[in-house]
Amino acid sequence: MSGSYRGYAAVTATVLIWGSAYPLIYAAERFISPVALTALRAAVGGAFLAAVYRRLQVGWRELIGGVINIAGMVSLLNLAVTMTPNPSIAAVLIYTQPLFTALMTPFALGKRVSGLQYAGVALGVAGVAAMVLEGLESSYLAGIAIGLAGGLVWATGTVYYERYLARGDVPGETAFMTLSATPFVLALWPLGMRFMVTPFSVAIGLYMAVVVQGLGWLLWFIAVTELGGVRAGALSMLTPVAAVAFTLLLLHRPLTASQSLGAALIVLGSGLVQVEGFI
């Protein structure tokens, strides 16, 4: 298989794996709390990556990156999934990350943001507004806010990574960032560390830790190596679409009309921000 085909196969598998995670997190919430699921992803997923790559890139900057991207973002992702009526909504909101990144870039990295990218941000804002107008119940709005916070924290971690870590050993950095986040996630114990041991919960826990966190990142590195970070990043915007499909397939929960409109605008806007890098 040629490099480009291998890259497209890897990014397709990554999108499917990461998209499948959202309905499974939602279904597992009865047995595994969001904090416990994050701890599993950090400890077991990090150990898996370290075992495969047989190296860790250790340092204070990597530690800070782990706190932001794993302890912070993944915890908010898991919480958003359990607090929204449809896990697809959380997937879309988490992938507002490119929108926040575009707004931060001129100030944090000193790079120019194009008019097309700002248009993407405007589309994303319109999409968020459409989702908010779907319902004004406090629980629904809290889920929206947590999902957006996850996108903002991920954007912060992305900018931090580009500024301080992008020239390092990416697999070694990722393995250490994932593992080093574990004690910080465990510090969130008072928020609820629940794990009811059943065959279903064990299977979901292992899937999230080994497949989503471990194998997903392995495939992502292959995609980035073969296709480049910009093209792979643009294609990764299909993850919320995969989440919608898996949620419909596994939970039989479609998005409403206004939620679908909001999701489409957010994904399109985030895609424009990413695609600008190679068109």
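The values are calculated or read from the model by the stated rules, or taken from the named source; none is laboratory data. Note that the coordinates shown come from a computational prediction; the quantities given were computed from them, not determined experimentally. Here the Cβ is made from the backbone with ideal geometry for all residues, glycine too, and neighbour counts use every protein chain on show.
List, please: which pairs have Cβ atoms under 6 Å, are six or more places apart or on different chains, and start with a residue in segment 68-90 that is closer than 26 Å to GLU173 by Cβ and end with one that is part of a loop (DSSP other than H, G, I, E, B)?
The qualifying pairs are ILE70/ALA181; ALA71/ALA181.
If I go through segment 48-67 residue by residue, how many of them are closer than 19 Å to ALA187 by Cα and touching a residue at least 60 places away in the same chain (Cβ under 8 Å)?
Result for segment 48-67: 6.
Of the residues ALA43, ALA9, ALA13, ALA21, which is at pLDDT 90 or above and more than 21 Å from VAL170 (Cα to Cα)?
Only one candidate qualifies: ALA21.
Here's the yes/no breakdown for (1) modelled with pLDDT of 85 or more; (2) more than 16 Å from THR178 (Cα to Cα):
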site	(1), (2)
PHE200	yes, yes
ALA203	yes, yes
LEU206	yes, no
ALA209	yes, no
GLN213	yes, no
LEU218	yes, no
GLY229	no, yes
THR239	yes, yes
ALA243	yes, yes
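List, please: which pairs have Cβ atoms under 8 Å, are six or more places apart or on different chains, and start with a residue in segment 257-277 that is of a type in the set (Asp, Glu) and end with one that is at pLDDT below 90 and in a helix (DSSP H, G or I)?
GLU276/LEU116; GLU276/GLN117; GLU276/GLY120
Considering segment 128-174 alone, what residues qualify as being of a type in the set (D, E, K, R), out of contact with any Leu (no Cβ under 8 Å at 6 or more places or on another chain), under 22 Å from LEU109 (Cβ atoms) and surrounded by 15 or more Cβ atoms within 10 Å (Cβ to Cβ)?
Passing the criteria: only ASP169.
Mind checking whether some residue in segment 171-180 is of a type outside the set (A, V, I, L, M) and without any contact (Cβ under 8 Å) to a residue 24 or more places away in the chain?
So far as segment 171-180 goes, no, none of its residues is of a type outside the set (A, V, I, L, M) and without any contact (Cβ under 8 Å) to a residue 24 or more places away in the chain.
Looking only at segment 196-210, decide whether some residue is touching a residue at least 24 places away in the same chain (Cβ under 8 Å), surrounded by fewer than 17 Cβ atoms within 10 Å (Cβ to Cβ), of a type outside the set (A, V, I, L, M) and in a loop (DSSP other than H, G, I, E, B).
yes
Could you list all residues from segment 131-153 that are modelled with pLDDT under 90 and either closer than 30 Å to THR225 by Cβ or among the small types (Gly, Ala, Ser) (or both)?
GLY135, SER138, SER139
I'd like to know if segment 157-166 contains one or more residues that are modelled with pLDDT under 90 and outside any helix (DSSP H, G or I).
Yes, there is a match, as at least one residue in segment 157-166 is modelled with pLDDT under 90 and outside any helix (DSSP H, G or I).
If you scan segment 66-96, which residues turn out to be assigned to a helix (DSSP H, G or I) and surrounded by fewer than 24 Cβ atoms within 10 Å (Cβ to Cβ)?
VAL67, ILE68, ASN69, GLY72, THR82, MET83
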